[in-house]
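In what follows, a structure is listed as structure tokens, so that the remarks can point back to it.
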Amino acid sequence: MSAKIKRAYDSTRRQQQAAETRRSIITAANELFISQGYGQTTVKQVAERAGVAVETVYATFRTKAALLRHVWYVDFRGDEADVALYDRAEMQAILTEPDLPARIRRHAEFVTASNRRIAPLLEALTGAAASEPDAVAMLTEWADRRLDVATRYAHAAAATGQLGVAEDECRDVLFATMDGALWTRFVEQRGWSDERFSDWLAAMWISMLVRH
């Protein structure tokens, strides 16, 4: 009986150690991609910063491109759970709001928080895209997913009966304004607070999208 308990304990501990190692590697890679650029960062540097062997990085993520993908989605979603942002409880709670203007205000707060999380890595990837195919692939995948989110959100908005434009126009407006570029210009470059930006974004969306 004691041997079985020991094996269960060892298994749990190994899983915890593996999760801690993954987090260390992701954190190290995120810091290096931002500070010195994706193209200039080597797997060896990531391993050294994370305090693990190079082989451990490859065994955990297989390729530098796969590591980038994990870093991006942890930044974007806030954790490593493989659940799309749209399908998470916070976003689903926003979608239960029956009043479209109120829903939009909550969504603007949600988008603003996401923009703040991803801004440093997004800037690094955008700069790397001129010469790094992995960065281009990541940005393309993110654009595709953003379009999917905008499509689903627009469909849900139309279902309220309060949408004042065509569903595809709503989709396109959201797609074009959720990518973080506006947040960077207003908050990083012009010194707006997140609260001011969120209020402005919500007001813009409401004026453009809601039936008056």
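The values are calculated or read from the model by the stated rules, or taken from the named source; none is laboratory data. In this text the structure is predicted, and so the values were computed from the model without any measurement. Cβ atoms come from the backbone with ideal geometry, glycine included; neighbour counts cover every protein chain shown. The protein model used for the area step is the full one, side chains on, heavy atoms only, and it has no ligands, DNA or RNA in it. Shrake-Rupley method; radii C 1.70, N 1.55, O 1.52, S 1.80 Å.
State yes or no: is ASP168 at pLDDT 95 or above, under 24 Å from THR140 (Cβ atoms) and either open to solvent by 20 Å² or more (accessible area, probe 1.4 Å) or in contact with a strand residue (DSSP E or B) (Cβ under 6 Å, 6 or more places away or on another chain) (or both)? Spelling it out, ASP168 is indeed at pLDDT 95 or above, under 24 Å from THR140 (Cβ atoms) and either open to solvent by 20 Å² or more (accessible area, probe 1.4 Å) or in contact with a strand residue (DSSP E or B) (Cβ under 6 Å, 6 or more places away or on another chain) (or both). Screening ALA89, ALA113 for residues that are surrounded by fewer than 16 Cβ atoms within 10 Å (Cβ to Cβ) and farther than 27 Å from VAL136 by Cα leaves exactly one candidate, ALA89. Residues in the stretch 131-147 that are in contact (Cβ under 8 Å) with a residue 40 or more places away in the chain and of a type in the set (D, E, K, R): GLU132, ASP134, GLU141, ARG145. Cβ-Cβ contacts under 7 Å between residues 6 or more apart (or on different chains), taken from a first residue in the stretch 192-208 that is over 13 Å from LEU182 (Cβ atoms) to a second residue that is at pLDDT 95 or above and in a helix (DSSP H, G or I), are listed as ILE206/PRO101; ILE206/ILE104; MET208/VAL173. Looking only at residues in the stretch 10-34 that are surrounded by 12 or more Cβ atoms within 10 Å (Cβ to Cβ) and not hydrophobic (A, V, I, L, M, F, W, C), the one that is nearest to the chain's Cα centre (by Cα) is ASN30. Check LEU174 against each of (1) of a type outside the set (Asp, Glu); (2) open to solvent by 40 Å² or more (accessible area, probe 1.4 Å); (3) within 21 Å of GLU90 (Cα to Cα) and name the one condition it does not meet. LEU174 satisfies all of (1) of a type outside the set (Asp, Glu); (2) open to solvent by 40 Å² or more (accessible area, probe 1.4 Å); (3) within 21 Å of GLU90 (Cα to Cα) except (2).
The residue pairs whose first member lies in the stretch 44-65 and is closer than 17 Å to GLU31 by Cβ and open to solvent by 60 Å² or more (accessible area, probe 1.4 Å), whose second member is of a type in the set (Lys, Arg) and assigned to a helix (DSSP H, G or I), and whose beta carbons are closer than 8 Å, counting only pairs six or more residues apart or on different chains, do not exist in this structure.
Of the candidates VAL210, VAL173, VAL111, the single residue that is β-branched (Val, Ile, Thr), touching a Gly at 6+ places or on another chain (Cβ under 6 Å) and over 30 Å from THR63 (Cβ atoms) is VAL210.
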